[in-house]
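Since the structure comes first, as structure tokens, the remarks are kept for the end.
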Amino acid sequence: MATPDVASRLSLADSVKTTNHAQFAELLAQLEQKAEQMGPERRWYLRYLQGWESGYNGEYSTAVEQLTSVLDGAKDPLLRFRAGVSLVNVQAVSLHYDDAFKTLVTLLGEVDRIKDEEALTQFYGTAAILYNKVGEYTLAVQYADRLIERGGNAEARCKGMYLRMAAHYKSTGARLDPTEVDLAEKTCNRAGDPVFDNATRVLVAQAALNDGDAKAAIAGLMPFYADATATGYAELVADFNSTLASAWLAAGDRGKASDYARRVVDGARAGEHTEALADALNVLYLATKQEGQTTAALAWLEKYMAADRGYLNEVGVRSLAYERVKQQVAGSRSQTQTAEKQNKILELQRSLAQKAAETRGLYALLISMALLVMAIWIWRLKLSQRRLRTLAQRDSLTGIMNRQFFVYEAERVLQAAGRSGRTVSMVLIDLDHFKLVNDGHGHAAGDIVLKRAVHACKSHLRAEDLFGRVGGEEFAVILPDCPMPVALERAELLRNAIAAVGTQGNAFGIPLSASLGVATTARVGYQLNDLMIHADEAMYRAKARGRNTVVAADNRTPRMAGGG
């Protein structure tokens, strides 16, 4: 049996693990020395806390092993449920999203039997975080609201308010409600939860930065920097540093911007792909580019492109994992329903066998109905699979290839062309002053203009050409079997088509133009990164020449353009 001292320390450690992590770590070390004095269930409780700590410290494989052992071995259903919730967190952070959603589905089947307030709080928070990560913002808001409803539990309400604001902001891009922000900050402060308190500050700073107010973003984060880093929570610290790096760069202080960006890069784990890391590398690229450090800027650009591609791939993996598990659950239910129907049919067959002569018509009808049910299920499954492929490959606004699918297809075309020695050209297109369109006419009008620009370009592309959206207002075209002179002519057609969009009668009277850079494998080789770097440099030279023009890349090492 555990002594009262051990039992109370277990309970205390559990209660402070998020609000006072240093105290939690100290208590855990003391408890581990007393493990031999504990009974079996107390040891399982300690094992759960060890698994939670391993996940918090980023030791994901150890955390999965420890939490899975609790899930499989502990007798207490509440402890198993809490271990499952922590396991979902670890599986998601370590990029095992299929496992995370499968575990979440299992917990959903048990949650109605759980009455413990803290366990429910953990589950609702985990579900809201996971659904936020895959863009299922409606579901994220539903679970965030359940946290907010936890009455006097300030910690749960703090977490719920942050997750609700994050889902609303990510899904709509609308400005945060100052009253809601103030209430969330007061609630988190009262709860003594430094992680979500500072996560709220990061969200507010990012919103201010997107509105062009870098000073407000800096002022909202700097006074709390020590508090955020003291949490030791890697994801929060990376978001804090990355947001400050972007804010200082926007404010014109390249030194501080680079300093905070390097903190993100230095703290990143090998093979890690996060939005914070990609943003930090982009800051380092832009800062060195503005300083005229050509070689360093190119090195940072290559790292940024690799990190950005890795992050976009991870976003795709998250969404695909969610869709796969959802399909598996739906398929399992459909198979169960089909099996039940087949069993009923077999029962009817046995009954009807006694009256075969008088019931042949009904027998045939029932068999036909069973076949129809199965055909409809297969048809619906194929439609869902087709929709899943489209979601993974297409930009939701314009319908053309998204960045990750464009990169995949472009590399495939370049490899094939390299083997046969055929020439491939790339055209990078950046809409000029597009931020002014969004600021002056609203994002809805900007979206319409983007779609019309894409539609105008499509009429000048061949079936074998690749057309993708690689940034907010930046597009790329791969032209197989197209040497530089022909590529320049086709780029000019695209430029004229985009310029014509602004003269259409239903285009809000918004003037529109684009700067285009063209590069070819005949000059720079068949590596996609090299092709994009040369096309990007040519595009910046087009902007430097006054925009609304086409510029060809040369075969020299690109020099960084000064213009934006």
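The HN-Hα couplings worked out from phi for the stretch 117-133 by the Karplus form 6.51 cos²θ - 1.76 cosθ + 1.60 (θ = phi - 60°) are 4, 5, 5, 5, 4, 4, 5, 4, x, 5, 4, 5, 5, 5, 5, 4, 5 Hz, whole numbers, x standing for Gly and Pro. Heavy-atom accessible area with a 1.4 Å probe sorts Y408, Y233, Y56, largest first, into Y408, Y233, Y56. Amide H contacts for L512 (H built 1.01 Å from N in the peptide plane; partners 5 or more residues away or on another chain; cut-off under 5 Å): G502.
Computed over the alpha-carbon atoms, the stretch 1-116 gives an Rg to Rh ratio of 0.97, Rh here being the Kirkwood radius from the mean inverse distance.
In this structure the stretch 1-149 gives 46 Å² per residue of accessible area when probed at 1.4 Å with all protein chains present. Distances between placed amide hydrogens fall under 5 Å for M401 paired with D395, F467, R469, all partners being 5 or more residues away or on another chain. Heavy-atom accessible surface of E26, to the nearest 10 Å², is about 110 Å², with a 1.4 Å probe and all protein chains retained.
Of the whole protein surface, R452 contributes about 60 Å² of accessible area at a 1.4 Å probe radius. Once you reduce the stretch 114-143 and the stretch 528-544 to the center of their Cα atoms, the two points are 44 Å from each other. In the context of the full set of protein chains, residues of the stretch 421-477 present 43 Å² of accessible surface per residue (probe radius 1.4 Å, heavy atoms only). Over all other residues within a Cβ to Cβ distance under 15 Å of D430, the charged ones net out to +3, with Lys and Arg as +1 and Asp and Glu as -1.
For R269, the accessible area of its heavy atoms, probed at 1.4 Å with every protein chain present, is near 90 square angstrom. Sequence-ordered 3J(HN,Hα) estimates for the stretch 407-413 from the Karplus curve with 6.51, -1.76 and 1.60 and θ = phi - 60° stand at 4, 4, 5, 4, 5, 5, 5 Hz, glycine and proline given as x. Protection proxy ranking for 116-122, 242-248, 456-462, using the average of other Cβ atoms within 10 Å per residue and placing the highest first: 242-248, 116-122, 456-462. Protein-only accessible surface at a 1.4 angstrom probe places the residues K215, K170, K17 in the order K215, K170, K17, largest first. Rounded to the nearest Hz, the phi-derived 3J(HN,Hα) couplings of the stretch 451-467 under the Karplus curve 6.51 cos²θ - 1.76 cosθ + 1.60 (θ = phi - 60°) are 5, 6, 5, 4, 4, 5, 5, 4, 5, 10, 10, 8, 5, 7, 6, 9, 10, where x marks glycine and proline.
Sorted largest first, the spans of the alpha carbon positions of the stretch 194-310 along the three principal axes are 40, 31, 21 Å. Residues D430, D447 ordered from highest to lowest accessible area at a 1.4 Å probe: D447, D430.
The values are calculated or read from the model by the stated rules, or taken from the named source; none is laboratory data. On a predicted model such as this, the values are computed, not experimentally measured, just so you know. Heads up, the Cβs are rebuilt from the backbone with ideal geometry, glycines too, and the neighbour counts pull from every protein chain shown. When the accessible area is computed, the model is the full protein with side chains, heavy atoms only, and any ligands, DNA or RNA have been set aside. Shrake-Rupley method; radii C 1.70, N 1.55, O 1.52, S 1.80 Å.
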